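The values are calculated or read from the model by the stated rules, or taken from the named source; none is laboratory data. Computed from a predicted structure; not experimentally measured. With ideal geometry, Cβ positions are generated from the backbone for all residues, glycine too; neighbour counts draw on all protein chains shown. Protein only, heavy atoms only, side chains kept; ligands, DNA and RNA dropped before computing areas. Shrake-Rupley method; radii C 1.70, N 1.55, O 1.52, S 1.80 Å.
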Amino acid sequence: MSSIDQYVVALRGVTKVYGSSDVEVHALRGISVGIHMGEFVSIVGPSGSGKTTLMDIIGCLSRPTSGEYYLGGKDVSRLNDDALAEIRNNEIGFVFQTFNLIPRLTALQNVELPLVYAGVPARERFRRAQELLESVGLAERIHHKPSALSGGEVQRVAVARALVNRPSLILADEPTGNLDSTSEAEIIALLKDLHDKGNTIIIVTHNPSVAGQAQRTISLKDGHVVSDLSKAPS
Amino acid sequence: MFLVETIAQAWQSIRSHKLRTGLTMFGVIWGIASFIILVGLGKSTLKLFSREFEKVGKRMLVMWAGQSSSGLSGIKGGRQIRFTIDDVEAIKAHCPHVELVSPQIYTGYQETKYENEVLSSETFGLDVNSGVIRNLDVAKGRFINADDIALNRRVCVLGANVKEKLFGERESVGEFIRMSGIRFQVVGVLQHKGDQLSRVSGSIDDDQISIPYTTAQALFTGSKYFGMIYLQPRSLFDDKTVREEVRQTLALRHSFEPDDADALHFFGIAEMIGRVKGVAMGMEIFFGAASIITLLIGGIGVMNIMFVSINERVREIGIMKAVGAKSRHVFLQFIVESVFVTFLAGLIGVLIGCSICLLIGLFNLPRFVAAPVIDPFVMLIAFLTITLVGILSGILPALRASRMQVVEALRYY
Ligand SMILES: Nc1ncnc2c1ncn2[C@@H]1O[C@H](COP(=O)(O)OP(=O)(O)OP(=O)(O)O)[C@@H](O)[C@H]1O
Ligand SMILES: [Mg+2]
């Protein structure tokens, strides 16, 4: 790693310790990884190896206990909560295993939500959210609440929400963990398509065939990176 | 713009828990309704009593003569003071805060006859101004005029009940009646006033007969002296000043010390209203405080439900934060929700309170009970209080929500 500037994501000796001093859990034990703009990276590893913890830090949902994290060349490892919220709002799109849509809101309102906090005017919000829902094939469903949608459809709404702020980074932590194989294929196809359009995508998965779709696979074990393999472009 | 969004969301979240929210709102609804009813009752009572007192004269100030307790410049004390028309003239000339002044000569109960009807009516000798000072409005004909006074005319103005009893439905103006055998021509009939909480004598104005004071002196008292003068200050606030001016003026003429409390006695509308105001204010404060406490207890209910709601929505708060909500966004979201619930409850409370006020007005109320008034100022206070209660009940829950850690909130089950 010659310069942090060439990476969208650059981690240096990142550790994460949970809990108090008597019951410490070392979830990450010194991670150094650099991810380039436009990469499609999968993160794999056994349960409890620290994948979600790593994604939380990359997604600015939490701060590393020690080490440095540069996002787009900027050190974000010591920012306060509101500053991190702003970065999540501007730079990062999340797709969660548990979908995490707000049940009271319609698909459209859920997709608009990040733009609400970004202060985008209502017309513009509506236009962008509607456009994205159309692009994930939910044009007919924009006024439905999550409870009226199938798992696969809900996750497509979540993908639309992740994209609505035009983030520099899309993070998906086991996005297909709660889906059947048909829906899984749809979501993975969607993510691949996004990658083809130039987005940077990081995905955590237990499914080897999903991991196989990525250009690069990072394996974690006990909070360490045990392998970091890139496919030769085919 | 964010606020609009926030309010829309608050509305949605309230709608998804209609029953629970409704039950919570009950305390606030009742607090506000009772606030409006009870304070309105205080206000209407004050109005009712003020109106009742004003019947006798809207700024009337009665002065009657007493005994001077000490003499002045060699004259002995302990004399009974007696007014003459010159005193009235002196007051007119020297008391700038007196708008109107008139003598009033008491001529007692007179046997009054018209055809076969006989009555005993309290009779007063009055001046041209007395009608204004004592709120004696003419319904038919005219009041006593300057010529009546100058010529000692035997004319009279009948109270509404006197007319009714003597004449019934018949025309009375222009007719002649006899008072203690003396013929008087009826020149006017007064408007019906009804019952009075305050009176100038034993009978109500409707039961009295007014005649020119000169006529009263000539025919009934046989004296140029009299004991009462009626005054009307330029405004109710001039009440004190007028008493002072009149004391000064008459002290000189009757040789008593201006600060001699026994020489002149006063009683006026200003002090009657003042007393009622005190009672009504006390009522308003007590009732107001009682209902505000109800409201605050309602507010605690709202706070409780906000905590419940936040505990149910931890995940949601996590999601909001994950997609970019800052602490203040979350805080605002829940404050708005709390204010919204309280405000909605307040609005319902205001409607219920006003409806009850109006409803009470539809009934035949006992004497001296008035339907609560709907006062815009009370409304304003009510809405300000509601908003305040909403904010206060929301602060703690909203703070808790805004301080949640995003990762923990997202993974909360
Ligand atoms: N909030 C927390 N407090 C304490 N320990 C935690 C916390 N979150 C995670 N851990 C621990 O940190 C370690 C890593 O957890 P993490 O969730 O990152 O694993 P993972 O690789 O995502 O696992 P999985 O595949 O099951 O999702 C685990 O041992 C876990 O028990
Ligand atoms: Mg995980």
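Could you tell me which of the residues B:290, B:371, B:345, B:270 is open to solvent by less than 20 Å² (accessible area, probe 1.4 Å) and over 26 Å from residue A:113 (Cβ atoms)?
On the way: B:290 fails: open to solvent by less than 20 Å² (accessible area, probe 1.4 Å); B:371 fails: open to solvent by less than 20 Å² (accessible area, probe 1.4 Å); B:270 fails: open to solvent by less than 20 Å² (accessible area, probe 1.4 Å).
Testing whether each residue is open to solvent by less than 20 Å² (accessible area, probe 1.4 Å) and over 26 Å from residue A:113 (Cβ atoms) leaves just B:345.
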Checking A:61, A:84 in turn, the sole residue that is modelled with pLDDT of 95 or more, part of a loop (DSSP other than H, G, I, E, B) and under 25 Å from residue A:118 (Cα atoms) turns out to be A:61
Review point. Does the range A:18-40 contain any residue that is away from ligand 1 (no atom under 16 Å from the Cβ), in contact with a helix residue (DSSP H, G or I) (Cβ under 6 Å, 6 or more places away or on another chain) and either within 21 Å of residue B:408 (Cβ to Cβ) or more than 8 Å from chain B (Cβ to nearest Cβ) (or both)?
Key: yes
Review point. Just a yes or no: is a residue in the range A:170-186 within 14 Å of chain B (Cβ to nearest Cβ) and either over 30 Å from residue A:27 (Cβ atoms) or more than 16 Å from ligand 2 (Cβ to nearest atom) (or both)?
Key: yes
Do we find that residue A:80 is open to solvent by 60 Å² or more (accessible area, probe 1.4 Å), more than 13 Å from ligand 2 (Cβ to nearest atom) and touching a residue at least 12 places away in the same chain (Cβ under 8 Å) in this structure? no
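So how many residues does the range B:214-252 have that are open to solvent by less than 20 Å² (accessible area, probe 1.4 Å) and not hydrophobic (A, V, I, L, M, F, W, C)? I'd like the intermediate steps shown before the answer.
Filtering the range B:214-252 for residues open to solvent by less than 20 Å² (accessible area, probe 1.4 Å) gives B:215-216, B:226, B:229-233, B:239, B:242, B:246, B:249-251.
Subsequent filtering for residues that are not hydrophobic (A, V, I, L, M, F, W, C) retains B:215, B:230, B:232-233, B:239, B:249.
So the answer is 6.
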Residues of the range A:107-141 being in contact (Cβ under 8 Å) with a residue 40 or more places away in the chain and more than 8 Å from every other protein chain (Cβ to nearest Cβ), in sequence order, are A:107, A:110, A:111, A:112, A:115, A:136
Output for Cβ contacts, cut-off 7 Å, separation at least six or different chains, first residue on the phi > 0 side of the Ramachandran plot in the range A:45-58, second basic (Lys, Arg) and within 9 Å of ligand 2 (Cβ to nearest atom), reads A:45/A:51
Scanning the range B:187-198 residue by residue, those surrounded by fewer than 15 Cβ atoms within 10 Å (Cβ to Cβ) and farther than 23 Å from residue B:145 by Cβ turn out to be B:194, B:195
Subset of the range B:187-240, residues more than 29 Å from residue B:168 (Cα to Cα), among the aliphatic types (A, V, I, L, M) and in a helix (DSSP H, G or I), comes to B:218, B:236
The helices (runs of 4 or more DSSP H) lying wholly within the range A:145-234 that contain at least 3 residues that are open to solvent by less than 20 Å² (accessible area, probe 1.4 Å) and touching a residue at least 12 places away in the same chain (Cβ under 8 Å) are A:151-163, A:181-196
Considering the range A:25-58, residues that are within 16 Å of ligand 2 (Cβ to nearest atom) and part of a loop (DSSP other than H, G, I, E, B), and then whichever is nearest to residue A:78 (Cα to Cα), we arrive at A:50
Practice task
Inspect the range B:298-315 for any residue being in contact with a Gly (Cβ under 9 Å, 6 or more places away or on another chain) and over 30 Å from residue A:102 (Cα atoms) and give the result as yes or no.
Solution key: no
Result of the Cβ filter at 8 Å on the range B:356-381, keeping first residues that are under 16 Å from residue B:46 (Cα atoms) and partners that are among the acidic types (Asp, Glu) and assigned to a helix (DSSP H, G or I), at least 6 apart or interchain, is B:368/B:52
Sole miss for residue A:22 among (1) in a loop (DSSP other than H, G, I, E, B); (2) under 24 Å from residue A:214 (Cα atoms); (3) among the acidic types (Asp, Glu) is condition (2)
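Based on this model, can you work out whether residue A:50 counts as within 21 Å of residue A:229 (Cβ to Cβ) and not basic (Lys, Arg)? Walk me through how you get there before you give the answer.
Working: within 21 Å of residue A:229 (Cβ to Cβ): yes; not basic (Lys, Arg): yes.
Yes: the conditions hold for residue A:50.
Only one of B:349, B:394 is within 30 Å of the chain's Cα centre (by Cα) and either at pLDDT 95 or above or not hydrophobic (A, V, I, L, M, F, W, C) (or both). Can you tell me which?
Values: B:394 fails: within 30 Å of the chain's Cα centre (by Cα).
None of the other options fit; the residue is B:349.
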If you go through B:382, B:322, the only one that is open to solvent by less than 30 Å² (accessible area, probe 1.4 Å), more than 16 Å from ligand 2 (Cβ to nearest atom) and of a type in the set (A, V, I, L, M) is B:382
Per the list (1) open to solvent by 20 Å² or more (accessible area, probe 1.4 Å); (2) in a strand (DSSP E or B), residue check on residue B:161 breaks on (2)
Across the range A:87-101, the tally of residues that are at the interface with chain B (Cβ under 9 Å from one of its Cβ atoms) and in a helix (DSSP H, G or I) stands at 4
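Taking the options A:92, A:43, A:102, name whichever one is within 16 Å of ligand 1 (Cβ to nearest atom) and either farther than 22 Å from residue A:223 by Cβ or crowded, with 22+ Cβ neighbours inside 10 Å (or both).
Values: A:92 fails: within 16 Å of ligand 1 (Cβ to nearest atom); A:102 fails: within 16 Å of ligand 1 (Cβ to nearest atom).
The conditions single out A:43.
Go through B:345, B:370, B:401, B:382 for me and flag whichever is touching a Lys or Arg at 6+ places or on another chain (Cβ under 7 Å) and either closer than 25 Å to residue B:301 by Cα or more than 14 Å from every other protein chain (Cβ to nearest Cβ) (or both).
B:370
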*If you check residue B:128 against the conditions, is it β-branched (Val, Ile, Thr) and either part of a strand (DSSP E or B) or open to solvent by 50 Å² or more (accessible area, probe 1.4 Å) (or both)?*
yes
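Yes/no matrix, rows are residues, columns are (1) buried (at least 21 other Cβ atoms within 10 Å of the Cβ); (2) of a type in the set (Val, Ile, Thr); (3) part of a loop (DSSP other than H, G, I, E, B):
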| position | (1), (2), (3) |
| --- | --- |
| B:52 | no, no, no |
| B:58 | no, no, yes |
| B:62 | no, yes, no |
| B:78 | no, no, yes |
| B:86 | no, no, no |
| B:91 | yes, yes, no |
| B:106 | no, no, no |
| B:110 | yes, no, no |
| B:119 | no, no, no |
(1) within 20 Å of residue A:173 (Cβ to Cβ); (2) surrounded by 20 or more Cβ atoms within 10 Å (Cβ to Cβ) all hold for residue A:108 apart from (1)
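Within the range B:165-186, which residues are open to solvent by less than 10 Å² (accessible area, probe 1.4 Å), assigned to a strand (DSSP E or B) and more than 12 Å from residue B:111 (Cα to Cα)?
Step one: of the range B:165-186, the residues open to solvent by less than 10 Å² (accessible area, probe 1.4 Å) are B:166-167, B:172, B:177, B:179, B:184, B:186.
Checking which are assigned to a strand (DSSP E or B) leaves us with B:177, B:179, B:184, B:186.
Selection gives B:184, B:186.
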Inside the range A:53-77, the number of residues satisfying the requirement of being open to solvent by 50 Å² or more (accessible area, probe 1.4 Å) and of a type in the set (Ser, Thr, Tyr) is 1
request  = State yes or no: is residue A:104 facing chain B (nearest Cβ under 8 Å) and assigned to a loop (DSSP other than H, G, I, E, B)?
outcome  = yes
